[in-house]
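Please treat every number below as a calculation from the coordinates, not as lab data. None of these values were measured; they are calculated from a predicted model. All Cβ positions, even for glycine, are placed from backbone atoms using ideal geometry, and neighbour counts span all protein chains on display.
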Amino acid sequence: MTKDETRKILLDDIDNFRSKSEYYKSLHLFEAAKYANNLASNIELALTTMPSDDDQEIS
């Protein structure tokens, strides 16, 4: 699996967790909504340091 494929999967996961967060809020499950939102934020933060396939490897 390439880095760009991994990045695409993680971006889909972020969208999924954001959707779950909104769904949980609609059910008044605020702790679950907060958890899902925090999980999405943590994945986003991890993506900021993930190199793409075009980036040169540091040796």
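Taking Cβ atoms as reference points and 14 Å as the exclusive limit, the residues near Lys20 contribute a net charge of -2, counting Lys and Arg as +1 and Asp and Glu as -1. In degrees, nearest 10, range 0 to 90: what is the angle between the Cα axis of helix 30-47 and the longest Cα principal axis of the chain? Tilt relative to the chain: about 10 degrees. The residues neighbouring Glu5, those whose beta-carbon lies less than 12 Å from its own, together hold a net charge of 0 under the Lys/Arg +1, Asp/Glu -1 convention.
What's the local net charge at Leu39, with K and R +1, D and E -1, over the other residues with C-beta under 13 Å away?
Cβ neighbours under 13 Å give a net charge of -1.
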